[in-house]
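Remarks on the structure that follows.
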Amino acid sequence: MALSDKQLSDVILRTSDGIEFPSHKIILSIRSSVFKAMFNHQDFKENQENLVCFEDIDSNLMEHLLNYIYFGDISFDNQLASQLISQAHKYSIVSLTEICGQIMVNDIELESAAKLLYIADSYQLSSMKKEAMLFIKYNSGVKETDGWKEFIKPNVDLMEELVFFMSSIP
């Protein structure tokens with residue numbers, strides 16, 4: 001297995017908790033346009049030093065991220081999906097971003113609906129956004145949650161879009 005083959009690795013991924021993951025530039029580049037750009041430019045520090053430091057990814061999250069990149073493994077729950085989605089988006093791993101969004105939508109609840117809508121809007125995930133809007137439309141209690149106050153109420157554009165959506169779909 002490539003992930004466990006340290007002998008042929010050509011880059012180290014160091015997590016926020018100091019754990020190092022020997023990895024392969026070619027595999028990372030195939031799955032992520034961000035990694036591809038990073039490793040194709042000689043001026044980038046990461047390419048020169050063959051070391052990428054992640055201040056916002058701990059070893060547990062990195063392990064799951066790499067398991068997806070190398071093997072397509074999506075054996076994680078909603079909580080992990082909500083952590084992975086931002087990293088998948090940041091490193092332009094589109095398929096993982098969409099998978100995380102779907103996992104999150106499958107577990108939508110009153111307390112999480114507003115945050116899901118905000119995330120879907122932020123990452124331009126149209127199917128996730130529509131599902132969150134439909135849930136909010138038919139579950140008025142969402143408007144009483146802390147998530148509503150934190151994510152939707154201060155976001156005027158998203159609020160307007162939601163009001164339009166709610167009035168246009170029977």
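Values in this text are rule-based calculations from the coordinates and carry no lab data. This one's a predicted model, so the numbers in the text were calculated from it and none came from an experiment. Because the Cβ atoms are built from the backbone with ideal geometry, glycine has one as well, and the counts that use them run over all protein chains shown.
Among [x] 9.5; [y] 11.1; [z] 12.2, find the value of mean projected area of the Cα convex hull in nm² that was calculated from the structure presented, and write down its label.
Step by step, mean projected area of the Cα convex hull in nm² for this structure corresponds to label [y].
Sketch the reach of a paramagnetic label on Asp17 as a point 7 Å from Cα along Cα-to-Cβ, and name the residues of region 29-66 whose backbone nitrogen lies under 11 Å away.
Hits in region 29-66 for Asp17 at 11 Å: 58-63.
I'd like the GluC sites (Glu not before Pro) in region 1-83 restricted to DSSP loop residues with at most 12 other Cβ atoms within 10 Å, sorted by number. Could the numbers behind the result be given before it?
On the way: sites: Glu20, Glu46, Glu49, Glu55, Glu63; in loops: Glu55.
Here the sparse-neighbourhood loop sites are Glu55.
Quick check for me: using +1 on Lys/Arg Cβ and -1 on Asp/Glu Cβ, what's the dipole size of the chain about its Cα centre, in debye to the nearest 20?
Working: 14 positive and 25 negative charges, 87 e Å.
Computed charge dipole of the chain: roughly 420 debye.
At 0.36 nm per residue, minus the direct Cα-Cα distance, what do Lys6 and Leu80 gain on full extension? Give it in nm, one decimal, please.
24.0 nm
Add +1 for every Lys or Arg and -1 for every Asp or Glu among the other residues with Cβ under 15 Å from the Cβ of Val156, and state the total.
On the way: positive: Lys149, Lys153; negative: Asp121, Glu150, Asp157, Glu160, Glu161.
Here the count lands on -3.
For helix 78-90, report the angle its Cα long axis makes with the longest principal axis of the Cα atoms of the chain; keep it between 0 and 90° and round to the nearest 10°.
With both axes taken from Cα atoms, the answer is about 70 degrees.
Taking the simple approach of a point 7 Å from Cα along Cα-to-Cβ for both Lys130 and His41, what is their distance in nm?
Taking the two extended label points, one gets 3.6 nm.
Using a Förster radius of 41 Å, what is the FRET efficiency between Asp107 and Glu49 based on their Cβ-Cβ separation? Nearest 0.05, please.
On the way: r = 40 Å, r/R0 = 0.97.
Step by step, r from the Cβ atoms, then E = 0.55.
For Ile30 and Phe165, what does the FRET efficiency come to when R0 = 41 Å and r is the distance between their Cβ atoms, rounded to the nearest 0.05? Working shown, then result.
Working: r = 37 Å, r/R0 = 0.90.
Taking R0 as 41 Å, the efficiency between Ile30 and Phe165 is 0.65.
With respect to the cross-link table entries Lys90/Lys129; Lys129/Lys149; Lys45/Lys130; Lys25/Lys129; Lys36/Lys149; Lys36/Lys153, which display a Cα-Cα separation exceeding 29 Å?
Values: Lys90/Lys129 19 Å; Lys129/Lys149 18 Å; Lys45/Lys130 40 Å; Lys25/Lys129 33 Å; Lys36/Lys149 39 Å; Lys36/Lys153 38 Å.
Over 29 Å Cα-Cα: Lys45/Lys130; Lys25/Lys129; Lys36/Lys149; Lys36/Lys153.
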